[in-house]
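One structure is given here, and the rest of the page talks about it.
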Amino acid sequence: MRAILTVCLGLVIFNLPSSGAQQQEPGGRLKLSVETSLVMMPVTVVDSHGTFVPGLTQSAFTVYDNGVPQAIEFFTDEDLPATVGLVIDSSDSMRGRRDDVTAAGTAFAEFSHPLDEVFTVNFNEMVWPGLPPPVVFAEDVAQLRAALRRAPARGMTALYDAVDRALSHLEVGTHDRKALIVVSDGGDNAISTRLDSVLAHARRTGATIYPVIIADPDDREARPDVLKLFARETGGAVFAPKRAADVTSAFTRIAREIRAAYTIGFPPPDAPEGSYRTLRVVVETADHRRLTARTRAGYHAGRSRRANSQQ
């Protein structure tokens with residue numbers, strides 16, 4: 001599960017070898033630094049039945065930045081590894097659901113790319129990592145399963161703090177395709193981080209957020225619309241499982257979606273640094289199928305960043 005070879009592909013400002021330098025590190029590893037400024041996005045394409053659509057070519061895609069079509073300069077449909085966080089509600093509202101979530105998280109790991117970097121964040125009114133220090137990413141499925149089992153369900157809910165912490169942990173990862181799976185009812189009754197701050201953080205990281213909504217119908221503190229907002233802003237999909245088996249199905253569907261995503265990059269138009277730009281992707285094929293492309297809602301204009309690839 002831990003990456004041995006890293007393929008650097010950037011997210012918000014993507015880094016490709018328009019310029020580069022090689023350095024020899026201790027131990028004989030080759031370190032390649034490259035820098036450019038492409039806006040990158042993972043794009044999921046589904047048909048009218050919600051089935052993933054593989055095998056499309058670049059010519060099928062049109063990217064709109066603030067409503068203006070852009071020239072695509074990078075395109076791939078390769079199955080690339082990702083850095084993924086499982087953000088698990090451990091408050092009173094999850095009592096009796098932890099075994100279902102543990103089974104689902106284990107299934108997710110088994111369906112994921114073998115080089116994925118996976119970690120867990122647990123939360124009630126506090127936020128803490130599921131993996132024991134100093135472990136940053138799970139080394140195998142057994143370690144991930146143990147991390148998911150480690151947190152009892154009790155206390156209040158600090159959802160925004162947990163998502164914010166998980167977004168920061170994503171940036172420790174070596175893969176530029178990043179995602180969070182957030183298991184919660186959407187309520188936050190231990191607020192210290194604002195929702196708008198978390199959304200801004202998500203836009204900066206380029207992470208895709210997949211909410212798995214587990215809520216009792218009579219729970220007055222549940223806020224499923226908040227979780228739907230996370231998905232809409234970041235290009236994720238929302239799941240609301242009703243049965244234990246549906247929780248596992250949701251996690252395995254997310255694993256498949258992460259692996260099925262296209263990656264598209266275009267040079268950003270001139271814009272004030274920090275300004276927000278909207279994104280939209282349209283897919284058109286020769287057979288005129290009704291296809292939907294899902295990606296994040298936008299990004300903040302900024303300078304290119306430097307990426308490091310190690311061998």
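Read-outs: derived from the displayed coordinates by stated rules, not from any lab. On a predicted model such as this, the values are computed, not experimentally measured, just so you know. Cβ: placed from backbone, ideal geometry, glycine included. Neighbour counts: every protein chain shown.
Brief remarks follow.
- Note that the stretch 83-260 shows a convex hull volume over its alpha carbon atoms of 99 Å³ per residue.
- Per-residue packing, averaged as other Cβ atoms within 10 Å, sorts the ranges 172-182, 50-60, 290-300 into the order 172-182, 290-300, 50-60, beginning with the highest.
- Each peptide in 138-146, 271-279 receives the mean, over its residues, of other Cβ atoms within 10 Å, and ordering these scores from highest gives 138-146, 271-279.
- Ordered by the number of other Cβ atoms lying within 10 Å of each residue's own Cβ, fewest first, 219, 161, 185 fall into the sequence 219, 161, 185.
- Sorting 198-209, 71-82, 121-132 by average packing, meaning the other beta carbons within 10 Å per residue, from highest down gives 198-209, 121-132, 71-82.
- Full extension of the chain between residue 111 and residue 282 yields a length gain of 58.7 nm, computed as 0.36 nm times the residue separation minus the alpha carbon distance.
- Amide hydrogen neighbours beyond the local backbone of residue 186, cut-off 5 Å, H modeled: 223
- Bridge orientation summary for the stretch 83-260: considering DSSP beta bridges with both residues in this region, about 15 percent are antiparallel.
- Computed over neighbours whose Cβ is under 14 Å from that of residue 201, the net charge equals +1, Lys and Arg +1, Asp and Glu -1.
- Average Cα contact separation per residue, the stretch 83-260, under 8 Å, 6 or more apart, as relative contact order %: 27
- Rg/Rh for the stretch 216-311, where both radii come from Cα atoms and Rh is the Kirkwood radius: 1.05
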